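The values are calculated or read from the model by the stated rules, or taken from the named source; none is laboratory data. All figures in this text were calculated on a predicted structure; none of them were measured in a lab. Virtual Cβ from ideal backbone geometry, glycine too; neighbours counted across all protein chains shown. Ligands, DNA and RNA are stripped out before the accessible areas are found, and what is left, the full protein with its side chains, is counted by its heavy atoms. Shrake-Rupley method; radii C 1.70, N 1.55, O 1.52, S 1.80 Å.
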Amino acid sequence: MGYLNFDKSLLSNLEESLSKEMLRTNKSGAYHCTTIIGCNTRKYHGLLTIPIKEFGGDNHVLLSSFDETVVQHGAEFNLGIHKYGGDYYSPKGHKYMREFSCEVVPYCIYRVGGVILSKEKVFISHENRILIKYTLLDAHSPTTLRFRPFLAFRSVNSLCVENSTANTSYQQVNSGISMCMYQGYPNLFMQFNKSVDFISSPNWNRGIEYPKDQERGYAYKEDLFVPGYFEVPIKKGESIIFSAGISEVDVEKLDGIYKSEIAIRTSRSDSFHCLKNSAQQFFNRKSPEELYLLAGYPWFKCRARDMFISLPGVSLAFDDLSGFEKIMATMQPDFYHLMKGEPLERDVLEMEDPDVLLWVVWALQEYAKEAGEEKMWSMYGALLKDIIDFIVNQRHPNLFLHDNGLLYVNGWEKAMTWMNTTFNGRPITPRSGYVVEINALWYNALCFASELTGKNGESFLSDRLQTLAEKTKDSFNATFWNGVYLYDFVDGMNRNQEVRPNMIFAVSLPYSPLDSKQRKSIVDITTKELLTSKGLRSLSPKSSSYRGSCEGSQVDRDFSAFQGAVWPWLMGAYVEAYLRIYKASGVSFAQRSLIGFEEEMYQNCIGSISEMYDGNPPFKGRGGVSFAMNVAEILRIQKVLNNFTR
């Protein structure tokens, strides 16, 4: 039995099966996402969802689902499933499912009487095309398969309603049809590797419901267009491949294309390989020269901070230097556009946020650990110096170097850190002035740059940076240390005393401005008040502002996100900090603290990690189903632990 395997008893239990989602991407922004039984429960779900440049690069669902029907002796057995009003599901194809696994590709087996049918799905890399392979494993009578496509042609942020403006006509193509329901969309080509009959029977399937959107307080009902159905006979032992894509395919090559894609897949045989596969899905190649990281799925775009926090974990954690270097090559021109005050070229959000370049420096440190300082210096030494110079010379519009060596950020009117939810345009968790992790990152960057410039013959610059680092260190302690832990931010007389996880970076980073006693005190209070089995809470439960559950309306969820919600990505910094304090004696505890992510491989989006979790047990997953920073940091810290025990 495979690692990610679910049996009939779970699949037939809708309460269990509908909570488990699966995700596949083409590594260029397109994706397929649904539940393991194929019932879409979000408007973001779809069989073929692609970014469309003409619509601002936003994702659009073209093909929502593809329902199968087994026909024998004139009797029809429908394998699809949709939710309608009154908690009514139809058809109830999940009752025929005997097994679902996801070790290599999504694979399920249906049994209808004497018919045993398998289904496998694979997304073609860097192409907007998904293939579904059906194999008739057993049958004692002539068998026909019937397929109904449910078309949406809409943004992932909207819903489809029956209308008279939709173009419901179709064109015959080789072994299939093509359709384009609205102007501006690409044609959707639906083809088979075997000659099929298409029977036109246009119909709007009305009132499909998405319970996840209903829970979140969004509109949740839509109408999908079914143009008719495909019909094809199938023999025992025969396989049929269906293709849905935005260009016509040579159907005779479908079998070879399918086999080629299967050959490059990595087996999800354990949690590490699950997360490795998940990490690769965040890569977004927009052209042969441009490679980015998406912040997550299903609704995220490329965000600068997320990209550079995630970059070491999704590349260096399994020795992929080239992936790291390609993303740096893509983004480096925009670093300089930003530092020169010029318009940015790349479609990456939040590049101007004040901590982004400091996270870039941290990513370069991680690269130096893997590739060596000499290679890092030869490739990125000039960039490192230019970033430091940019900050020191006060050229960032919202990052001010004060005489005390600390960096000041104005964050009252606009969210400027990773705690960035807003309400009515203003930050829900405002953090302004001297922000603790920004200044920890700044001290770390100064020390790193000072050490490398000194090693590379630039002693004058090295001494200047070291002098500034010493001033920053003294001011950091005088400003943030309250005798037990660190203030989260300080702005004039406003000293934020809430116990938050951001102070852990002052311990975890390679260069810390704190002494050993201070570092231990921070790790201990973090362990006591913030640590959970799914990461660190964003706020201590002892705070009067603490919210232990991220549910309710959009506003309720936004207010909870940084007032107690658990964020898995912070475990990277926490475990690293713990090991710096307790060294080898802390390895066992650090390893145990990550066990909770093993069970996450079977929950929510199987094989990945959700965006955040409730602050209270049982720590239910919330937000995006697959989040890059979380996957990346768990991968990175697992490698740190492996290296520590060698």
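Accessible surface area normalised per residue over the chain is 37 Å², counting heavy atoms of protein chains with a 1.4 Å rolling probe. Hey, with R₀ at 56 Å, roughly what FRET efficiency would Asp463 and Gln591 work out to, going by the Cβ-Cβ distance, to 0.05? Using R0 = 56 Å, I get an efficiency of 0.85.
Each of the peptides 618-628, 91-101 was scored by the mean count of other Cβ atoms within 10 Å over its residues; in descending order, highest first, they stand as 618-628, 91-101. Once the dipole of the stretch 174-285 is set up with Lys and Arg at +1 and Asp and Glu at -1 on Cβ about the Cα centre, which of Met179, Phe242, Ile257 lies farthest towards its positive end? Toward the positive end, the furthest listed residue is Ile257.
On the stretch 410-508, 50 percent of the accessible area sits on carbon and sulfur atoms, based on a 1.4 Å probe.
Taking Glu215, Glu162, Glu600 and ordering them by how much accessible surface each has at a 1.4 Å probe, largest first, produces Glu215, Glu162, Glu600. Taking a straight line from the alpha carbon of Lys528, these lysines sit under 18 Å away, with near neighbours fewer than eight places off in the same chain left out: Lys517, Lys520, Lys542. Exposure check, 1.4 Å probe, all protein chains in place: Lys221 carries approximately 110 Å² of accessible surface.
Length available on full extension from Arg111 to Asp474: 0.36 nm per residue minus the Cα-Cα distance, which gives 123.7 nm.
Taking the accessible area of the stretch 13-80, probe 1.4 Å, and keeping the other protein chains in place, the carbon and sulfur fraction comes to 45%. Assign one of three labels to the stretch 478-544, namely rounded, prolate or oblate, based on the Cα gyration tensor with a ≥ b ≥ c the square roots of its eigenvalues; rounded applies when a/c is under 1.5, prolate when it is not and a/b is larger than b/c, and oblate otherwise. Because a/c hits 1.5 or more and a/b fails to exceed b/c, the stretch 478-544 counts as oblate.
About its Cα centre, the dipole of the chain is roughly 1040 debye, where the only charges are +1 on Lys and Arg Cβ and -1 on Asp and Glu Cβ.
Only Lys, Arg, Asp and Glu carry charge here, each on its Cβ (+1 for the first two, -1 for the last two); on that basis the stretch 518-637 has a dipole of about 480 debye about its Cα centre.
Using the Cβ-Cβ distance between Asp270 and Ser195 with R0 set to 41 Å, the FRET efficiency from 1/(1 + (r/R0)^6) comes to roughly 0.45. Taking Cα centre as origin and charging only the Cβ of basic (Lys, Arg, +1) and acidic (Asp, Glu, -1) residues, the dipole magnitude of the stretch 84-155 rounds to 260 debye.
Computed from the Cβ-Cβ distance with R0 of 35 Å, the FRET efficiency linking Asn174 to Glu374 stands at 0.05. Comparing Cα centroids, the stretch 74-129 and the stretch 574-644 end up 32 angstrom apart.
A simple spin-label model places the labels of Lys414 and Asp250 5.1 nm from each other, with each point 7 Å out along Cα-to-Cβ. Highest mean packing comes first when the peptides 127-136, 631-640 are listed by Cβ atoms within 10 Å, giving 631-640, 127-136. Excluding same-chain neighbours fewer than eight residues apart, the aspartates and glutamates reachable from Lys385 by a Cα-Cα span under 14 Å are Glu451, Glu458, Asp463. Within a straight-line Cα-Cα reach of under 20 Å, Lys83 can be paired with the following aspartates and glutamates, leaving aside sequence neighbours fewer than 8 residues apart in one chain: Glu15, Glu16, Glu21, Asp67, Glu68, Glu162, Glu209, Asp213, Glu215, Glu222, Asp223.
Cross-link pairs exceeding 22 Å in C-alpha to C-alpha distance, out of Lys8/Lys259; Lys121/Lys253; Lys20/Lys286; Lys53/Lys301; Lys301/Lys639, comprise Lys8/Lys259; Lys20/Lys286; Lys301/Lys639. Of the residues Ser269, Ala152, Ala139, the one whose Cα sits farthest towards the positive end of the charge dipole of the chain is Ala139 (charges of +1 on Lys and Arg Cβ, -1 on Asp and Glu Cβ, taken about the Cα centre).
So, with a 1.4 angstrom probe, what is the percent of accessible area on the stretch 82-239 that is carbon and sulfur? Looking at the stretch 82-239 in its full context, I get 45 percent from C and S. Rolling a 1.4 Å probe over the protein chains gives Lys276 an accessible area of about 50 Å².
When the chain is described by a simple charge dipole with +1 on each Lys and Arg Cβ and -1 on each Asp and Glu Cβ, the residue from Trp204, Leu539, Phe225 located farthest towards its positive end is Leu539.
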